[in-house]
Structures are given as C-alpha cells and as structure tokens.
Amino acid sequence: MYFLKKFYGITKTILEYNDYSKEAGIKYNEYPRATYIKEYITALRKYHFHDTGDKSPFNQSSKIGKDSIELYDKGENLAAFLYQIKQENPKVFYRIIKTIQSVIPHFLDFVLVPIEKNNIVLYWKDKYSNYNYDITDFSDGSIRFIALTVLFFATQSTKNYHY
C-alpha cells in the first residue's frame, strides 16, 4: 500500500512499513543522504575471522613486506602485519599487547621472528612458561579477539594503514 509523505519539502511516494518486499529501498534512492549512505557502505571493508582451526588462515606463514601492507580479510597475514606494526610503530604494538593482556591475562607477547626467505609465522609466549605457543593454542574466541584488536589498533599506526 502506498501513501504520500512530505519529507524536506518534497512530496514523494514511499512504501508502508508493513511491506518488506523492497527492504530499505536505498539501492534505488537518489536523494543526497541515500547516495552518501550507499557510498559509505560500499567503502567499508569486510573481515571474516571465523576459521580458527588447525588449517585456519591464522596458521599460514606470510611474507614480510608483501603481506604486511594491510590486514587481509581472513587474517592470513596477521603475523606479517603485526611484525610491520612492531617495526614501524612500537607504541601501537605495545597498546595491542596490553589490550590483549587485559582479556587474556596469561598472554605475555608475540614471538615475531622471521623464518626462511622473509616468511613469518605467528607464535606467542605465556607469562608462566618458557615455551613458544602456536596460534591454535588460543581458544577460538581469543584468536578472534586478537585479530579484531590488531585491526582496530592498526588505524592508529603509521601512514601505511589507512582504511
């Protein structure tokens, strides 16, 4: 059912609220606010940190340099990205560590040591042990929290991390 509504001095036809077949209708709306919202939503990046198993993207090695420019949408370059932040902006890296420690108290630090041919894998240290642990030794929720923390703090890092 359609009706007329006065909106910013413009009379237009819109759908009644109980007709969900057109959803928000923003896709076809050309008003300035709708155009702004479409452009804003289109510019957003989507991240999917769901796969945290043994063969998850977090377990993969990544190349320092090539894979450290921006965080990939599934987090497969988390180690190289963290390494770059640590090298270029230690204050932001320290904030990342402290934020993770506030939620995961036994976490001490990441072990970010390059391996063969500028590859790096993500390991971490526990406060109560001398062993280096693999990322899969965290719970699924902890891995996701770490990835989100890195993502949120990366915007505070150097000029290379614009989103």
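When the residues of segment 75-123 are filtered to those that are among the hydroxyl-bearing types (S, T, Y) and in a helix (DSSP H, G or I), which remaining residue is surrounded by the fewest Cβ atoms within 10 Å (Cβ to Cβ)?
Ranking the candidates gives S102 first.
Being under 21 Å from K46 (Cβ atoms), touching a helix residue (DSSP H, G or I) at 6+ places or on another chain (Cβ under 8 Å) and surrounded by 13 or more Cβ atoms within 10 Å (Cβ to Cβ), is that true of even one residue in segment 132-144?
The answer is yes, given that some residue of segment 132-144 is under 21 Å from K46 (Cβ atoms), touching a helix residue (DSSP H, G or I) at 6+ places or on another chain (Cβ under 8 Å) and surrounded by 13 or more Cβ atoms within 10 Å (Cβ to Cβ).
Being in contact with a helix residue (DSSP H, G or I) (Cβ under 7 Å, 6 or more places away or on another chain), loosely packed, with under 15 Cβ neighbours inside 10 Å and assigned to a helix (DSSP H, G or I) narrows it down to one residue among I41, I37; which is it?
I37
The numbers here are math on the coordinates, done by the rules we state, and not lab data. The structure displayed is predicted, hence computed values, not measured ones. For neighbour counting, all protein chains shown are included, and Cβ atoms are generated from backbone atoms with ideal geometry for every residue, glycine included.
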